[in-house]
Amino acid sequence: MMTPGLLRNELERGLQSSVRSIWGEAIPADFRADVSASDNLEFGDLSCQAAMRLAGIVKDNPRSIAGRIAEAMADSIEGISSFSIDGPGFINFRLKNGYLASVAFDLASGGLQPLLPDTGAGRNALVEYVSSNPTGPLTVGHCRQAVLGETISNLLEASGWTVSREYYFNDAGRQINLLGESLAARYLSAEGGETSVPEGGYHGDYIIDWASDLRALHGTGLTWASDPDTFIHFAEEKAMEMIRSGLSLLGIEFDRYFAESELIPEAVTDTIKRLSSITVDDMSLVYSDSEKLWLRFTALGRPKDRVIIREDGTYTYRMPDIAYHLDKFSRKYDLIVDIFGADHLDTSRDVTAALECLLGREVVSEKLRVVIHQFVTLVKDGSRIKMSTRSGEFVTLRELINDAGSADVTKYLFLTRRAEAHMDFDLGLAKKQSSENPVYYVQYAHARIAGILRRAGEAGISIPNEFSSGISKLLQGEYERELMRLLESVPVDVAAASDAMEPHRLTEILAELATGFHRFYQHVRVVDTDNRNLSAARLMLCGACRRCISDLLGILGVDAPDRM
RNA sequence: GCGCCCGUAGCUCAGCUGGAUAGAGCAGCGGACUUCUAAUCCGCAGGCCACAGGUUCGAAUCCUGUCGGGCGUACCA
């Protein structure tokens, strides 16, 4: 099967060998003749700009270089019908109609997956995301990360990776203690006690509900002084429950919730031992300062040394985080993906530096990929809202989904922006936006196609079972070709999105597909009982489009409805 | 102060491993439903790509600086 990816590879190889056969040694070893999609149909379907980049190297003008390259292209590449030299020196290629139609046929019959390059080849990837500590419900900020992580996981799976989704949380630190103490305060104050939420504690109303649940279960009489573990465990359980229910609203299921306490007891001490045995410029990586233990991050190229063990003997959170990452590496994954908010950037760099020092720079840079996303700023009535779980001021995931109308709308909205872009989210506009949301535009295209397929079924017309050149001869019209060209580029673009781990590109592709189909629909009649062969051929394009849309929406975790 | 991210149409954002006239959605204006779903399509209008330099045959894209916004700069996570 000639796939869009293979076609481009062969074309690039052909161009490269042609360049080498002409100029030989003058060409740098790493020279690549890239082929990309033409952004304007007038310039053909694919375009190569190697000639312009070679101009300086071989001392000739780009147009003449382009001519020589094209002339030397050995045999014509399967699927390419013609080329031309245009503009300053672009080599433009036109794709054969038969090839375009065959790709559409493959899409219609087997969906997107078989046409995607098998980059992962069954290797194992671990994706860590959300990883919010159990201190309260998931908020708008977590939502972006959850959706990002889930879609990246799906995208990796689409390109052949076996993905494990993991949620890491800290169940041993002082935050959990504070949470327990905050619960105790609510519990006791309901009994008329004077206790108030502790300094730095959690003020959210949800803790009041937990307190009454706790009384229902344990009655009265518990005190923070004598039963701290009861409060802590209850609070943690409740918080995890809230988090899980939030995630289920988004349709997200983790393969594993990894608690810090699950790290074997020696994991952290062993890590410290290993770090202690390392010296950089005759200085130990670990040093003590009276009662505290420091890690010399500055020796690893980081801006500041950090405390790793406090005076009371407890670890600061970088330490277990390093140990946890070592654990991940020891589990023999081929790819380890961390998804973090911008506030974790600095820490993540520290952890990476420590890992590079312990495992070797090559191993870490080969396996570890960190995706950092910027924050979501909530805007209400024109002004920004500062969110904080601790102060109890936040908008939950659930409220957000209710406001936006559905989980699908919410997910799609978050995925239209790239991770590094800051996001303003106007709550007041959420509802208004949702009725004119791009997701409906895409879903509507899908529903329209489903409608055509139903109608065709009633008329006894179906997509051909086998591909033949006769089919492509029926698809010569302007709108057919436009749609086929679009469909042909989808697998390549999806593969690129997967390699870059940039899910927002999928929403771009979807919007293009929907636009392409709506245009096609507007101008071309599909079901026509007087032209059954033509109908069947056009139906094939509809089927290809439908599969592409539903497969892509599937990767985003968004529903592809048959009726709207 | 220092580090990272961002600054593109009225609004929300794509485009950023340099390339052929800078794109989309929404908002605005004007057209298209006896025909497979008008949640659609077609057209018009809208831009010193924050600003100033630099590299290049060629810059929204790369480099430097300035301004503006976000995040971090904890013995919180």
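The values are calculated or read from the model by the stated rules, or taken from the named source; none is laboratory data. Predicted, not measured: the structure shown is a model, and the values here were computed from it. Because the Cβ atoms are built from the backbone with ideal geometry, glycine has one as well, and the counts that use them run over all protein chains shown. Keep in mind that these areas ignore ligands, DNA and RNA; they rest on the heavy atoms of the full protein, side chains included. Shrake-Rupley method; radii C 1.70, N 1.55, O 1.52, S 1.80 Å.
What the table shows:
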| item | result |
| --- | --- |
| Amide H contacts under 5 Å for A:Thr377, placed H, 5+ residues apart | A:Met423, A:Asp424, A:Phe425 |
| Per-residue HN-Hα couplings for region A:444-452 [Karplus 6.51, -1.76, 1.60; θ = phi - 60°; Hz; x = Gly/Pro] | 5, 4, 4, 5, 4, 4, 4, x, 5 |
| GluC sites (Glu not before Pro) within region A:424-522: DSSP coil, no more than 15 neighbouring Cβ in 10 Å | A:Glu436, A:Glu466 |
| Farthest toward positive dipole pole in chain A [+1 Lys/Arg, -1 Asp/Glu at C-beta], among A:Ala537, A:Ser226, A:Leu474 | A:Leu474 |
| Net charge of neighbours whose Cβ lies under 15 Å from the Cβ of A:Ala447, counting Lys and Arg as +1 and Asp and Glu as -1 | +3 |
| Pairwise FRET efficiency - A:Glu253 versus A:Ile385, Cβ, R0 = 30 Å, nearest 0.05 | 0.50 |
| Under 5 Å, built H, 5+ apart or other chain: amide partners of A:Arg369 | A:Ile336, A:Val337, A:Asp338 |
| Charge dipole (debye, nearest 20) of chain A; +1 at Cβ of Lys and Arg, -1 at Cβ of Asp and Glu | 1520 debye |
| Highest-first arrangement of A:29-41, A:283-295, where packing means the average Cβ count within 10 Å | A:283-295, A:29-41 |
| Isotropically averaged projected area of chain A, using the convex hull of Cα atoms (one quarter of hull area), nm² | 33.6 nm² |
| Nearest-ten-degree value, helix A:478-500 long axis tilted from longest Cα axis of chain A | 40 degrees |
| For A:Thr139, distant residues with modelled amide H under 5 Å away | A:Leu397 |
| Whole-Hz ³J(HN,Hα) from phi, Karplus 6.51 cos²θ - 1.76 cosθ + 1.60, for region A:23-39, glycine and proline x | 9, x, 4, 5, 8, x, 4, 8, 5, 10, 9, 6, 10, 9, 5, 6, 7 |
| Mean Cβ neighbour count within 10 Å, used as a protection proxy, ranking A:522-531, A:164-173, A:539-548 highest first | A:539-548, A:164-173, A:522-531 |
| Angle between chain A longest axis and helix A:97-110 axis [Cα atoms, degrees, rounded to 10] | 40 degrees |
| Overall dimensions of region A:317-373 as given by Cα atoms, namely Rg and Dmax in Å | 10.5, 28 |
| Average accessible surface area per residue within region A:437-556, 1.4 Å rolling probe, Å² | 40 Å² |
| Chain A, accessible surface, carbon-and-sulfur percent (1.4 angstrom probe) | 47 percent |
| Helix-derived mean residue ellipticity, 222 nm - over chain A, DSSP H n ≥ 4, -39500 (n - 2.57), to 500 | -17000 deg cm²/dmol |
| Quotient of C-alpha Rg and 2.2 N^0.38 Å, computed over region A:183-238 | 0.99 |
| Residue-normalised accessible area of region A:279-415, given per residue in Å² at a 1.4 Å probe | 48 Å² |
| C-alpha long axis of helix A:532-556 to longest principal axis of chain A, angle in ° | 20 degrees |
| Square roots of five times the Cα gyration tensor eigenvalues for region A:424-528, Å | 30, 20, 12 |
| Considering only chain A, percent of DSSP beta bridges that pair antiparallel, nearest 5 | 55 percent |
